[in-house]
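Read-outs throughout are calculated quantities, based only on the coordinates presented, and are distinct from any laboratory measurement. All of these numbers come straight from a predicted model, not from anything done at the bench. Here the Cβ positions follow ideal geometry from the backbone for every residue, glycine too, while neighbour counts run over all protein chains shown.
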Amino acid sequence: MSETKGGVAGVQEQTRSVRELICISGLKVIFSSRSGPVRAVDSVDLAIREGERIGLIGESGSGKTVTGMAILGLLPVNAVIIGKIRYGDYDLLTAPDRTLQQIRGNEIAMISQNSGSSLNPVMKIGDQVAEPLVIHRICSVPDAHREAIRILAELGFDDPEQAATRYPHEFSGGMRERILIAIALVCRPHLIVADEPTAGLDAQVRARILKLITSQISGNRTLFLITHDLGAASYLCDRIAVMYAGEIVECGPAKDVLSLPLHPYTQGLIASLPSAGLHPIPGMSPSPASLPRGCRFCERCPAVLDRCDCDHPELVFTESGRQVRCFHYD
Ligand SMILES: Nc1ncnc2c1ncn2[C@@H]1O[C@H](COP(=O)(O)OP(=O)(O)O)[C@@H](O)[C@H]1O
Ligand SMILES: [Mg+2]
């Protein structure tokens, strides 16, 4: 199999020279629910640069998975989606289903949360890993199986030929995570959206999976890591965006965001790590069904100002080129 491919209408070729592989602008995702509209993602602007490893971090419920799903066009029908997600010449939010199907799994692939339920329990591993190559007609069925075995070997399966004939339940959580990574990588996609790839893994397996992802994300390949695991983000990412209650509240180089966080929320996230003495942020994030008018972190913020209650801060650039949504940097 060749390393380069035309992709859907040559999207990969067109984006190769463009620095921004994906450009999310003004993304809003609103779910209808019995208790009213749920604003899960609210006016997110984020560029994913070609070849970078960017992490989207934040507490549970902040809108990270919904953002990843929007990129892959996998949001449920009860979602109202506003904004643009530019990928090459396409807006992924309005591209026809046929185009999205050609891009998904081939040019943009996802390693999803919860490895147990993401695999088909009644399909052999070899067939599941080979499937994206067959669906996207990248190679013949026998070649797809050969490629599946090659990638299983690359991902640490001692006897990949035998593994290919087995079913998901015959593998441990860590091995199932490897199988998901194999499925995501088999078409050699440009962008990998990895949603909590280390969730539920013990420390040893987590370390192996992190090393594996690092070894696989090289060259032009881009990683969009969605996680609440700051350790994983710090290990894997060049750049970090912090999400809180549907908004990006801080964005910048990973080492700067983690060593000198600007936003009080990011400071709180870091202070709650074991290495920082386990100081959890008091209170809860607001419900996306009833968001406050002012700063969304206002109620929990140790550095609150008078205006935070009624004015809503914008995401602004600091002098050092980092981005933060807080009146302290206004
Ligand atoms: N299909 C859905 N219908 C209604 N609300 C949803 C749906 N999917 C997600 N949400 C809500 O959107 C918010 C963001 O969810 P999510 O992106 O999964 O958070 P995270 O990945 O940051 O933990 C949550 O409040 C969640 O309950
Ligand atoms: Mg999630």
Using the C-alpha atoms of region 117-186, what convex hull volume per residue, in cubic angstrom, is computed? 76 Å³
What's the center-to-center distance, using Cα atoms, between region 59-97 and region 293-330 in Å? 26 Å
Below 29 Å, Cα to Cα, which lysines can Lys64 reach? Residues fewer than 8 away in the same chain don't count. Lys28, Lys84, Lys211, Lys255
To the nearest 20 debye, the chain has a Cα-centred charge dipole, built from +1 on Lys and Arg Cβ and -1 on Asp and Glu Cβ, of 260 debye
Choose one of Leu201, Gly283, Ile103: the residue whose Cα lies farthest towards the positive end of the charge dipole of the chain (beta-carbon charges +1 Lys, Arg; -1 Asp, Glu; about the Cα centre). Ile103
Within-13-Å neighbourhood charge of Ala153 [Cβ basis; K, R +1; D, E -1]: -2
Nearest 10 degrees, 0 to 90: what angle lies between the long axis of helix 125-135 and the longest principal axis of the chain (Cα atoms)? 80 degrees
Using the basic label-point model (7 angstrom from Cα toward the beta carbon), what is the Ala199 to Leu273 distance in nanometres? 2.1 nm
Residue (of His136, Ala184, Gly156) at the positive-pole extreme of region 117-186, dipole from beta-carbon charges: His136
Compare Asp229, Asp42, Asp311 in a GNM of the chain, Cα atoms joined below 10 Å, and give the one with the largest fluctuation. Asp311
Working from Cα positions, state the angle (0 to 90°, nearest 10) between the long axis of helix 203-216 and the longest principal axis of the chain. 70 degrees
In degrees, nearest 10, the alpha-carbon axis of helix 173-185 is tilted away from the dominant principal axis of the alpha carbons of the chain by 80 degrees
Could you work out how far the C-alpha centroid of region 123-158 sits from that of region 218-278, in angstrom? 34 Å
Rounded to the nearest 5, what is the percent of antiparallel bridges among the DSSP beta bridges in the chain? 60 percent
When Lys and Arg each count +1 and Asp and Glu each count -1, what net charge do the other residues less than 14 Å away from Arg300, Cβ to Cβ, add up to? -2
Listed peptides 289-296, 117-124 by packing density, highest first (mean Cβ within 10 Å): 289-296, 117-124
